[in-house]
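Below: one structure, written as C-alpha cells.
Every number in this text was worked out from the coordinates using simple rules, so none of it is lab data. Everything numeric here is computed off the predicted structure, so don't read it as measured data. Neighbour counts are summed over all protein chains in view; Cβ atoms, including those assigned to glycine, are modelled from backbone coordinates with ideal geometry.
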Amino acid sequence: MERQPTVAQAPAPHVVFLPFPAQGHVKPMFMLAKLLCHVGGFQATFVNTEHNHALLQRTLAGDLPPGFRFLSLPDAVPHDREQQQSSISTVRELFNSIRNSKPEFRRLVTELSPTCIIADGIMSLGFDVAVELGIPVIAFRTFSAVCAWVYFHLRDLIEQRMVPIPADADMDEPITSIPGLEGILRRRDLPSVCRHGTPPPILNFFLRETESMRRASGLILNTFDGLEGPMISRLSTIFPQIFAVGPLHGLLSNIVKEEPLTASNGGLKEEDRSCMTWLDSQPSRSVIFVSFGSLVALTEAQFVEFWNGLVDSGKPFLWVVRSDSVLGEDEVPSSVKVLSGLKGEEAHDWSRCCVVDWAPQVEVLAHEAVGGFLTHSGWNSTVESVLAGVPMVCWPRLSDQQVNSRAVSDMWRIGLDMKDTWDRSTVEKTVRELMEGRRDEIMKAAVEMAGIARGNVEEGGSSYCNLEKLIVYIRSMC
Ligand code: UDX
C-alpha cells in the first residue's frame, strides 16, 4: 500500500523530463519522474536518447506507474555497439547528437504541450525550447548543492585569476571568495574543469550551462536539508523555488512500498549479483567496497597501485571493474588484461576479494558486511553511501567530484579525502585509517548522518515535504 503525501487533487499535470545522457544523470531523473507519477498522479514523458532508451529497457524491473511513458531522440551511436554501458566516449557522442536534436525536441514538445519541462542543469537545449515555446521549465542539477554553488562562482574565480589553475599553482592555496565556503576549499577542491590543461571550450561549456540554468523558474536537487541546509539556502538567493528532495532512492522506497531500497532504478547496465553471495560470507563491517562510478577510468599504473594498496591493507574488498575501467586502446579491454596479470600472481589470497563488472551498488552499500566505500565521489554514490551510513575514502577525478570529496571529509566528516594521490602505501594507509585508526569517530558521524537522511525522507521530513511542495508548484502551472 502506498503512503502518499496529501496534495489537493486537480487535473494531472504533464511533465517532460530531459536528462543528460549519462548514467549518473539518467538515474536520479528517472526516480524523480516515477515519484511525480506515483505521488502527484502526474503524466511523465521521459525523453532519452535511443541508445540509453535501449539500455534502460533491459534493466527495468516491475511495472512503471500509470502515466509514465518513454520517448527517445535519435542519436549517432551505432545500434550494434556491444558496450552495455555508456562509456565516456559514448556519452560524448550521445550528447553531441542530442545537442543537434533541438528541432526534434521542439517538435516533440510542441505536440505534447506539457505543463512544464524538467531539464538537467547541463541541458540548456531544454531551457531554450521551453523559453521559445513559453513553457515553464525547472532545472534538475544532479550535483551536490555545494558544487552547484561553486559553479555559480566560476566566473568570479576567473576574474580573480584563480581559474584556470596555472600549471605551477599552489594547489593548497585556500579559496576565500566563495561565500559560505571560506576555510573549506583549496584550489585542488575546485571542479576538475578549473584545472590546468582543460580545453577552454569545456570550461566555457560549464560557464554557459550554469548561466543558462538561471532561466529556470526553480531548481531541484538530489540532496537534503540535514546535509546541505546552509548551501541550499544560499542557492535559494538565485532560485527562490528550490526543492531538495534527496536522497531520491530513499524517498522512493519510503513512499512507494513496492519499490525496495535496492530496486535498480534507472540503471543502464545489468548488475552482477554474484557479489552478494560473496558478501554473505564476509564478517560484519569488514569489507571495503571499491567503485569509481560509470565514467572514471584509471591508467594501468594507477590500477596496479590501488590493487596493491588494497591487498596490503589486509581488508577484504569488492571492486567494480568495468570493461572500460582501465585506459587503453587494444581490442581486449585493458582492465581484463591487467586483472588477468594480477590473477597470475600467486601470493594473494583470492578469497579475500571479489571483482564484478557492475554491482547492485545500493544493495551492496546496505549489506551488513560492508564497512567502507572507496569511491570517486560521484554525487549519486555519495548520497547512496550517506543513506547507508557507510564511511568513505574519496578519490575524485571528474567534474563535481573534487568538491564533493572535500565536503565529505571537511564539512560532514564522514570520510577521508585522498584526492590526487594513488601510490599503494597511501591507499593502504588511508584504507586502514578508515577501517581501524579513525574508525570510531568517522563511523559515529556517518551513522548520525544516515539517521538524519532517513528522517528527511520520512513522512513530515524535509525532502518529503519538498516533494509535496514541488507537486503543488507544478500543479499551480496548470
Ligand atoms: C557523474 C558525476 O560524478 C556525478 O556527480 C554527477 O551527478 C553525474 O555524473 P557517475 O560517474 O556516473 O556520475 O557517478 P555517480 O553519480 O556516483 O553515479 C553512478 C551510479 O551508478 C550510482 O547510482 C551507482 O549506484 C550506480 N552504480 C555504480 C551501480 O549501480 N553499480 C556499480 O557497480 C557502480
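At a glance:
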read-out: Packing-based order for 111-117, 452-458, using average beta carbon neighbours within 10 Å, highest first; value: 452-458, 111-117
read-out: Calculated FRET value between THR277 and THR110, using beta carbons and R₀ = 45 Å, to 0.05; value: 0.30
read-out: Peptides ranked, highest mean first, by Cβ atoms within 10 Å: ranges 154-162, 125-133, 36-44, 381-389; value: 381-389, 36-44, 125-133, 154-162
read-out: The stretch 272-297-the stretch 361-419 distance, computed between alpha-carbon centres (Å); value: 14 Å
read-out: Unit charges at the beta carbon, dipole of the chain: most positive-side option, ILE158, PRO65, ILE117; value: ILE117
read-out: ³J(HN,Hα) computed for each position of the stretch 119-135 - Karplus, 6.51 cos²θ - 1.76 cosθ + 1.60, integer Hz, glycine/proline x; value: 10, 4, x, 10, 10, 4, 3, x, 5, 4, 5, 4, 5, 4, 9, x, 9
read-out: Of LYS27/LYS257; LYS444/LYS469; LYS34/LYS469; LYS34/LYS269; LYS257/LYS469, those spanning more than 23 Å from alpha-carbon to alpha-carbon; value: LYS444/LYS469
read-out: Gained length - ALA167 relative to ARG352, 0.36 nm times residue gap less alpha-carbon distance; value: 62.5 nm
read-out: Angle between the chain longest axis and helix 300-313 axis [Cα atoms, degrees, rounded to 10]; value: 70 degrees
read-out: Amide H partners (placed H, <5 Å) of ALA244, local residues excluded; value: LEU221
read-out: Size-normalised alpha-carbon gyration radius of the chain, reference 2.2 N^0.38 Å; value: 0.94
read-out: Interchain or long-range residues, amide H under 5 Å from ASP417's placed H; value: CYS394
read-out: Modelled FRET efficiency - R0 25 Å, ASN100 with THR198, Cβ distances, 0.05 increments; value: 0.60
read-out: Using alpha-carbon coordinates, inclination of helix 379-388 to the longest axis of the chain, degrees; value: 70 degrees
read-out: Electrostatic dipole magnitude of the chain [Cβ: Lys, Arg +1; Asp, Glu -1; Cα centre; debye, to 20]; value: 1080 debye
read-out: Table column - 3J(HN,Hα) (Hz), the stretch 392-409, Karplus curve with 6.51, -1.76, 1.60, x for Gly and Pro; value: 10, 10, 9, 10, x, 10, 10, 6, 6, 4, 4, 5, 4, 5, 5, 5, 4, 7
